[in-house]
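Accompanying notes for the structure given below.
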Amino acid sequence: MKDTQDGFTNLIGGEWVTAGATRANINPSDTSDVIGQYASAEATAVDAAVDAAKAALPAWAEASPQLRHDILDAVGSELLARKDEIGHLLAREEGKILAEAIGETTRAGQVFKFFAGEALRVAGDLQPSVRPGIDVAVTREPVGIVGLITPWNFPIAIPAWKTAPALAYGNCVILKPADLTPGCAHVIAEALHRHGCPPGVFNLVMGRGSTVGEAMVTHPDIDAISFTGSVATGHRIAETCGRLRKKVQLEMGGKNPMVVLDDADLSVAVPACLNGTFFSTGQRCTASSRLIVTEGIHDAFVDELTRQMQALTVGDARDPATQIGPVVDAKQLQSNLDYVALARQEGAEVMGGDRLDLNKDGFYQSPALFLGTTNDMRINREEIFGPCGSVIKVTDFDAALAVANDTEFGLSAGICTTSLKHASAFRRRSQVGMVMVNLPTAGVDYHVPFGGRKGSSYGAREQGRYAVEFYTAVKTAYIAAG
Ligand code: NAP
């Protein structure tokens, strides 16, 4: 809750509590614009949240699914009704342009409504035993207390797609949003609180990953951790969870390939690559960062993509004319610029990628295209997470597929082609969790599974009906007539 004296506080056990310290939430489009002071908690706040969740769990785990449905449905309705206002906040704290920010808020509302319905559809199996006179019942129960750790780049959608299923299936939640973008998670907390989520069932603990996040991962009474973020943090969390035998789910980075074949329709391929590579300032785990293009279409594709890229308007995320907002902060901007310099060192021809001074203190960069690259370059192995894409020229479909799969990541992969044969082969042979045909690698639905393979993901899938796997424990009961 916003208190003029304390700023935006944590929600623990149904109470809005200060954390001692606060952190300024800064607008990356204009760093003189401070959105507010947000709590920055210590590890003791996690202990308090776990105590509150433990007290709330027995009643919530056995609560009527109607109650869970009604709360989640009301939160979903509120997010949808307030999508413009919340989208504005999202644009202000993360730098996503207004249309994308409102779209992300809409998606968060839809996610809550989807899982409101799922709360009423927790099905089990009843089947005969192989032994006469015995029934076998397979049922699902809540996992218990789940810790949700989220990144800055989807500050409302990711907290929503973890929180909603966790609550729908009867778990108690401790959410730690990214320190850079706590505002949207705070909106979710306020809505849950206002719509009657019982004290302790949902707790918001804002603060640093190295304190709050670490305390959640190591806390003996948190049963499961769902994490989205970088590979380095994910690996660290997985090791700790393995040692403590906690259930864990990781969604991490990507180096997503987009293949463009000679037979592609340029009017489809260029917008798909433009969107996938540069929209949301390239700050999407599903961004198309490697454009793998066959020889016959390469020059025409590069000419048109470069022309459209150079016409993109970079600016303040809240200006309706802006197509590419700022980078999220100074550290990420410097990292992007270092990769642009690396691209030159590695022998790529670099179009764009300059630091922009738009007469305001924001973190602006022009989109960058790296031409004449090969898949072994560091710019094509490491996730950049900025508005930067590489073009890799290949001879044919087989070479394109081999390059697409030659990466430690496996989140999303796309192909632009008019050949059903190649589209089908690509769908079957891509070593990823999500395949797009004649669509950007980014941009997914809320009601179907999301996630990857290889170094991109670990554990059960998120979203859609598949979310039940992570947020429930299966019980098998054998029942004989007494
Ligand atoms: P990050 O630095 O790993 O942070 C993610 C979250 O983990 C933040 O809340 C962070 O806290 C917290 N954290 C940091 N250190 C921790 C620790 N030792 N223990 C527990 N928690 C800790 O990632 P990011 O920079 O926010 O996000 C960008 C990354 O997310 C990219 O690699 C991107 O690909 C990935 N991503 C993946 C998906 C997907 O679904 N696959 C979706 C979106 C983003 P702080 O707030 O203090 O940093």
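The values are calculated or read from the model by the stated rules, or taken from the named source; none is laboratory data. Computed from a predicted structure; not experimentally measured. FYI the Cβ positions are ideal-geometry reconstructions off the backbone, even for glycines, and counts take in every protein chain you see. These area figures cover heavy atoms from the full protein model, side chains too; ligands, DNA and RNA do not enter into them. Shrake-Rupley method; radii C 1.70, N 1.55, O 1.52, S 1.80 Å.
Restricting to segment 211-234, name every residue that is of a type outside the set (A, V, I, L, M, F, W, C), under 20 Å from the mean Cα position of the chain (by Cα) and under 22 Å from A24 (Cα atoms).
Passing the criteria: G213, E214, G229.
Out of the helices (runs of 4 or more DSSP H) lying entirely within segment 315-422, which hold 2 or more residues that are out of contact with any Leu (no Cβ under 7 Å at 6 or more places or on another chain) and open to solvent by 50 Å² or more (accessible area, probe 1.4 Å)?
Working: elements: 330-345, 378-381, 397-405.
Per the criteria, 330-345, 397-405.
Only residues that are in contact with a Lys or Arg (Cβ under 9 Å, 6 or more places away or on another chain) and either under 30 Å from I26 (Cα atoms) or part of a helix (DSSP H, G or I) (or both): list them for segment 288-301, please.
Within segment 288-301, the subset in contact with a Lys or Arg (Cβ under 9 Å, 6 or more places away or on another chain) is 289-290, 292-295, 298.
Result: S289, E295, H298.
For segment 232-287, give me each residue that is within 20 Å of E383 (Cβ to Cβ), away from the ligand (no atom under 14 Å from the Cβ) and open to solvent by 20 Å² or more (accessible area, probe 1.4 Å).
N275, F279 - these are the residues of segment 232-287 that are within 20 Å of E383 (Cβ to Cβ), away from the ligand (no atom under 14 Å from the Cβ) and open to solvent by 20 Å² or more (accessible area, probe 1.4 Å).
Kindly provide the set of residues from segment 194-210 that are more than 8 Å from the ligand (Cβ to nearest atom) and surrounded by fewer than 20 Cβ atoms within 10 Å (Cβ to Cβ), ordered by number. Walk me through how you get there before you give the answer.
Applying the first criterion (more than 8 Å from the ligand (Cβ to nearest atom)) to segment 194-210 yields 194-206.
Residues satisfying the conditions are R194, H195, G196, P198, P199.
For the list (1) within 20 Å of K83 (Cβ to Cβ); (2) more than 13 Å from the ligand (Cβ to nearest atom), I need the number of the one condition that T181 fails.
So the condition that T181 fails would be (2).
Could you list, in sequence order, all residues of segment 215-231 that are free of Cβ contacts under 8 Å to residues at least 40 places away in the same chain and within 12 Å of the ligand (Cβ to nearest atom)? Can you show your working first?
Applying the first criterion (free of Cβ contacts under 8 Å to residues at least 40 places away in the same chain) to segment 215-231 yields 218, 220.
Correct list: T218 only.
Could you count how many residues in segment 456-476 are within 11 Å of the ligand (Cβ to nearest atom) and open to solvent by less than 20 Å² (accessible area, probe 1.4 Å)?
So the first thing to find is which residues in segment 456-476 are within 11 Å of the ligand (Cβ to nearest atom), and the list is 456-458, 461-463.
Now narrow it down to the ones that are open to solvent by less than 20 Å² (accessible area, probe 1.4 Å): 456-457, 462-463.
Matching residues across segment 456-476 total 4.
I'd like to check something: does segment 432-445 contain any residue that is modelled with pLDDT of 95 or more and over 30 Å from K113 (Cα atoms)?
no
What number of residues within segment 57-90 are of a type in the set (G, A, S) and closer than 19 Å to R107 by Cα?
First, the residues of segment 57-90 that are of a type in the set (G, A, S): 59, 61, 63-64, 74, 76-77, 81, 87.
Next, only the ones that are closer than 19 Å to R107 by Cα stay: 74, 76-77, 81, 87.
The total comes to 5.
Could you please find all residues in segment 162-178 being assigned to a loop (DSSP other than H, G, I, E, B), near the ligand (Cβ under 10 Å from one of its atoms) and either on the phi > 0 side of the Ramachandran plot or not small (G, A, S) (or both)?
At the first step, the residues of segment 162-178 found to be assigned to a loop (DSSP other than H, G, I, E, B) are 169-171, 177-178.
Filter once more, so that each one left must be near the ligand (Cβ under 10 Å from one of its atoms): 177-178.
Once the filter is applied, which keeps residues that are assigned to a loop (DSSP other than H, G, I, E, B), near the ligand (Cβ under 10 Å from one of its atoms) and either on the phi > 0 side of the Ramachandran plot or not small (G, A, S) (or both), segment 162-178 yields only P177.
Which residues, counting only those in segment 211-231, are open to solvent by less than 50 Å² (accessible area, probe 1.4 Å) and under 30 Å from L291 (Cα atoms)? Steps first, answer last, please.
Taking segment 211-231 first, the residues open to solvent by less than 50 Å² (accessible area, probe 1.4 Å) are 211-213, 215-217, 219, 222, 224-229, 231.
Scanning segment 211-231 gives F227, T228, G229, V231.
Hey, among V437, V444, which residue is over 30 Å from R344 (Cα atoms), open to solvent by 10 Å² or more (accessible area, probe 1.4 Å) and within 16 Å of the ligand (Cβ to nearest atom)?
Numbers: V437 fails: within 16 Å of the ligand (Cβ to nearest atom).
When all the criteria are applied, what remains is V444.
Kindly provide the set of residues from segment 19-54 that are more than 17 Å from M216 (Cα to Cα), of a type in the set (A, V, I, L, M, F, W, C) and open to solvent by 40 Å² or more (accessible area, probe 1.4 Å), ordered by number. First the steps, then the outcome.
Going through segment 19-54, the residues more than 17 Å from M216 (Cα to Cα) turn out to be 20-38.
Those left that are additionally of a type in the set (A, V, I, L, M, F, W, C): 21, 24, 26, 34-35.
Across segment 19-54, the qualifying residues are A21, I26, V34.
Would you call R290 over 20 Å from Y364 (Cβ atoms), among the charged types (D, E, K, R) and either at pLDDT below 95 or open to solvent by less than 20 Å² (accessible area, probe 1.4 Å) (or both)?
Working: over 20 Å from Y364 (Cβ atoms): yes; among the charged types (D, E, K, R): yes; either at pLDDT below 95 or open to solvent by less than 20 Å² (accessible area, probe 1.4 Å) (or both): yes.
When the stated conditions are applied, R290 passes them.
In segment 147-157, is there at least one residue being farther than 23 Å from I86 by Cβ and touching a helix residue (DSSP H, G or I) at 6+ places or on another chain (Cβ under 7 Å)?
Quick first cut of segment 147-157, residues farther than 23 Å from I86 by Cβ only: 147.
Within this subset, residues satisfying the condition of being touching a helix residue (DSSP H, G or I) at 6+ places or on another chain (Cβ under 7 Å) are 147.
Yes, there is a match, as at least one residue in segment 147-157 is farther than 23 Å from I86 by Cβ and touching a helix residue (DSSP H, G or I) at 6+ places or on another chain (Cβ under 7 Å).
Being more than 15 Å from the ligand (Cβ to nearest atom) and either without any contact (Cβ under 8 Å) to a residue 40 or more places away in the chain or over 21 Å from G464 (Cβ atoms) (or both) is the filter here, so list the residues in segment 140-161 that pass it. Quick ask: steps written out before the conclusion?
Our first condition is that a residue be more than 15 Å from the ligand (Cβ to nearest atom); within segment 140-161, this holds for 140-145.
Within segment 140-161, G144, I145 meet the criteria.
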